[in-house]
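Asks: Take this structure, written in C-alpha cells, and hold onto it; I'll ask about it next.
Where a number appears in this text, it was derived from the coordinates with a stated rule and is not lab data. Being a predicted model, the structure only gives us computed values, none of them experimental. Backbone-built Cβ (ideal geometry, glycine too); neighbour counts: all protein chains shown.
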Amino acid sequence: MKIDWFVACKVAYPRPGQQGTGLWPASVAHAKRLGGTSAACGELTTTMKKLFEVPFPFAGENCRACLVAVSEERRARTQGARHVAVREGSA
Ligand SMILES: [Zn+2]
C-alpha cells in the first residue's frame, strides 16, 4: 500500500512490528509528505523524526490541524478524480 501522508513527530521510539523493528511516535503525530519542510498544519518538520513507514493518522495522538488538512486534501482529490472520470465518460 502506498502511503501518501506519513507521520512526523518530535519524539519516537523503536517498536517491534511486522516488518521488524521500526520507529513509533511517542509524541503528537503530524502529517508529512515527501518533499518540503513542513507538516500539513504548517509546523516545521526539520527537527522532527520522519516515520516513513507509519501512515498518518496513526493509532495514537494526532495533530488536530493536520487531521483537518489531510482529510480536506483527500476529499478534494477524490472529488477531482470523480470529476475527471465524468468528463471522460461524456466525451
Ligand atoms: Zn500538525
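Asks: Quick check on my filter: what residues within segment 7-28 are outside any loop (DSSP other than H, G, I, E, B), out of contact with any Ser or Thr (no Cβ under 8 Å at 6 or more places or on another chain) and under 12 Å from residue 62 (Cα atoms)?
Replies: Within segment 7-28, 7, 25 meet the criteria.
Asks: Is there a residue being in a strand (DSSP E or B) and touching a His at 6+ places or on another chain (Cβ under 8 Å) anywhere in segment 36-57?
Replies: Looking through segment 36-57, none of the residues is in a strand (DSSP E or B) and touching a His at 6+ places or on another chain (Cβ under 8 Å).
Asks: Output the number of the condition that residue 26 fails; it satisfies all remaining conditions of (1) more than 14 Å from the ligand (Cβ to nearest atom); (2) within 18 Å of residue 4 (Cα to Cα).
Replies: So residue 26 meets the others, but not (2).
Asks: So, one more: Would you confirm, using the coordinates I've provided, whether residue 21 is among the polar types (S, T, N, Q) and surrounded by 13 or more Cβ atoms within 10 Å (Cβ to Cβ)?
Replies: no
Asks: Of 31, 65, which residue is within 14 Å of the ligand (Cβ to nearest atom), touching a Cys at 6+ places or on another chain (Cβ under 8 Å) and part of a helix (DSSP H, G or I)?
Replies: Result: 65 is the single residue among 31, 65 that is within 14 Å of the ligand (Cβ to nearest atom), touching a Cys at 6+ places or on another chain (Cβ under 8 Å) and part of a helix (DSSP H, G or I).
Asks: Just the residues that are small (Gly, Ala, Ser) and either under 11 Å from the mean Cα position of the chain (by Cα) or surrounded by 16 or more Cβ atoms within 10 Å (Cβ to Cβ) (or both), please, taken from segment 27-76.
Replies: 29, 31, 39, 40, 69, 71 - these are the residues of segment 27-76 that are small (Gly, Ala, Ser) and either under 11 Å from the mean Cα position of the chain (by Cα) or surrounded by 16 or more Cβ atoms within 10 Å (Cβ to Cβ) (or both).
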